[in-house]
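Enquirer: Have a look at this one before I ask anything.
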Amino acid sequence: MADVSVSKFNSAGTESLSTLRKTGWFSLSDLSKNVLVRRLNARYDSSDDVSVNIYADGDSDSPVWTGTMPKNGETGATLSSSATDSDTTLDVTDTSKITSLDKILVDKEIMSVQDLITNGTFDTDTDSWNGDDSWANGQLVVTSNGSAQSRSTQGFSTVVGKVYRVTGDFIKGTADQGQVHIGELEYYNDIIYGSSAFTSSQSFDFTFTATETTHYILLSDQSTQDAGDTTIWDNISIICTTQLEVVRGEDNTQPNAHSSGAKVYYGHKKWDSLRVGRRAKYMSVQVSTVASSNSVEINKLEFVTDG
């Protein structure tokens, strides 16, 4: 095997990024050689995912490799009450930046945030959902029967008076429109929240206050459609805005007691190593985040190459 070498972009100091930053072109070795780039190593701090594009040999339009460094900075939340080493519900001050399945770090313990919805991403089926639904291409499809409003529903546990955040994606099918309801029953009775009608594909994000210990989410075609018309749904998620359901002691960390006021961070490590596996004579790297007020700090970025 050829000797392994490391190419550093910034060996000291920090570089603050604002949404988008791209390096100039740099050679990986003698320009007569086509070098294999094995990995991209990074040390960074960001409360947003960092997207990485690598460009090769003068083509600045089409990346030869893309990847993502997961968010690992502050969530903006703190614990609003203490937690024992066995509590699976954490009281927090704010969850506006936290989503289900995020890993979070409190003191030295990593936990994973659980969704109140079961099977909201429909990876292989629509299990846990009931109604006029079927599965296709990793999404839930509600099909109209032509005679009544069609829907798919799921119940979930709640605490009276708590506020819950609902997010997801509506993909327009052949039906005119779709709508999300939150109700105290599985049918269109005692609805406590109804979204506006969705007439085009869009993401949704809203909150409601629980009035019972069990509520239901209803994904529907909003009004009677022609038989066979469809609405399509994906990435359905519900979490409480002031409480997190968590799995403790993830990634070989030890469950511990935590004090009120402890900061909540994203649980990814402050360094990452991404497998690249591309050949080039010279390269350029672009890092970017979604538009937000969060700062991004890149402390080190380097290639590991053979050649």
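The values are calculated or read from the model by the stated rules, or taken from the named source; none is laboratory data. In this text, all values refer to a predicted model and were calculated from it rather than measured experimentally. All Cβ positions, even for glycine, are placed from backbone atoms using ideal geometry, and neighbour counts span all protein chains on display.
Enquirer: Out of Ile98, Ile110, Ile104, report the one residue that is among the β-branched types (Val, Ile, Thr), within 15 Å of the chain's Cα centre (by Cα) and at pLDDT 95 or above.
Expert: Every option except Ile104 fails the conditions.
Enquirer: Consider the range 52-66. How many of its residues are surrounded by fewer than 16 Cβ atoms within 10 Å (Cβ to Cβ) and assigned to a strand (DSSP E or B)? Talk me through it step by step, then tell me what you get.
Expert: Filtering the range 52-66 for residues surrounded by fewer than 16 Cβ atoms within 10 Å (Cβ to Cβ) gives 57-62, 66.
Remaining after also requiring assigned to a strand (DSSP E or B): 66.
Going through the range 52-66 one residue at a time, the tally reaches 1.
Enquirer: In this structure, does Leu105 turn out to be closer than 30 Å to Val159 by Cα, in a loop (DSSP other than H, G, I, E, B) and either out of contact with any helix residue (DSSP H, G or I) (no Cβ under 6 Å at 6 or more places or on another chain) or in contact (Cβ under 8 Å) with a residue 60 or more places away in the chain (or both)?
Expert: Details: closer than 30 Å to Val159 by Cα: yes; in a loop (DSSP other than H, G, I, E, B): no; either out of contact with any helix residue (DSSP H, G or I) (no Cβ under 6 Å at 6 or more places or on another chain) or in contact (Cβ under 8 Å) with a residue 60 or more places away in the chain (or both): yes.
No.
Enquirer: Quick one: what pairs do we get from the range 54-73, first residue among the basic types (Lys, Arg), second part of a strand (DSSP E or B), C-beta under 6 Å, 6+ apart or different chains?
Expert: From the range 54-73, the pairs are Lys71/Ser46; Lys71/Tyr266.
Enquirer: Among the residues of the range 270-286 satisfying the criterion of being of a type in the set (Lys, Arg) and in a strand (DSSP E or B), which is farthest from Ser51 (Cα to Cα)? So that I can check it myself, show each step before the final result.
Expert: Filtering the range 270-286 for residues of a type in the set (Lys, Arg) gives 270, 275, 278-279, 281.
Next cut, in a strand (DSSP E or B) only: 275, 278-279.
Working: Arg275: 14, Arg278: 17, Arg279: 20 Å.
So the residue we want is Arg279.
Enquirer: I'm trying to understand the selection: among the residues of the range 71-92, which are touching a Ser or Thr at 6+ places or on another chain (Cβ under 9 Å) and in a loop (DSSP other than H, G, I, E, B)? It would help to see each step written out before you state the result.
Expert: Step one: of the range 71-92, the residues touching a Ser or Thr at 6+ places or on another chain (Cβ under 9 Å) are 71-83, 90-92.
Correct list: Lys71, Asn72, Gly73, Ser80, Ser81, Ser82.
Enquirer: So which strands (runs of 3 or more DSSP E) are wholly in the range 133-219 and hold at least 1 residues that are of a type in the set (Asp, Glu)? Show your work before the answer.
Expert: Numbers: elements: 133-136, 139-143, 151-157, 163-172, 179-183, 191-194, 202-209.
By residue number, 133-136, 163-172, 202-209.
Enquirer: Would a scan of the range 181-191 turn up a residue that is within 29 Å of Val246 (Cβ to Cβ), in contact (Cβ under 8 Å) with a residue 60 or more places away in the chain and surrounded by 18 or more Cβ atoms within 10 Å (Cβ to Cβ)?
Expert: The answer is no; no qualifying residue exists.
Enquirer: Is at least one residue of the range 203-214 under 30 Å from Tyr44 (Cβ atoms), aromatic (Phe, Trp, Tyr) and in contact with a strand residue (DSSP E or B) (Cβ under 7 Å, 6 or more places away or on another chain)? Don't jump to the end; show me each part of the working.
Expert: Filtering the range 203-214 down to residues under 30 Å from Tyr44 (Cβ atoms) leaves 203, 205.
Of the ones still in play, those that are also aromatic (Phe, Trp, Tyr) are none.
Taking every residue of the range 203-214 in turn, none turns out to be under 30 Å from Tyr44 (Cβ atoms), aromatic (Phe, Trp, Tyr) and in contact with a strand residue (DSSP E or B) (Cβ under 7 Å, 6 or more places away or on another chain).
Enquirer: Does the range 35-52 contain any residue that is in the same structural domain as Lys281 (by TED's automatic domain parsing), at pLDDT below 95 and more than 29 Å from the chain's Cα centre (by Cα)?
Expert: Looking for residues that are in the same structural domain as Lys281 (by TED's automatic domain parsing), at pLDDT below 95 and more than 29 Å from the chain's Cα centre (by Cα), one finds at least one in the range 35-52, hence yes.
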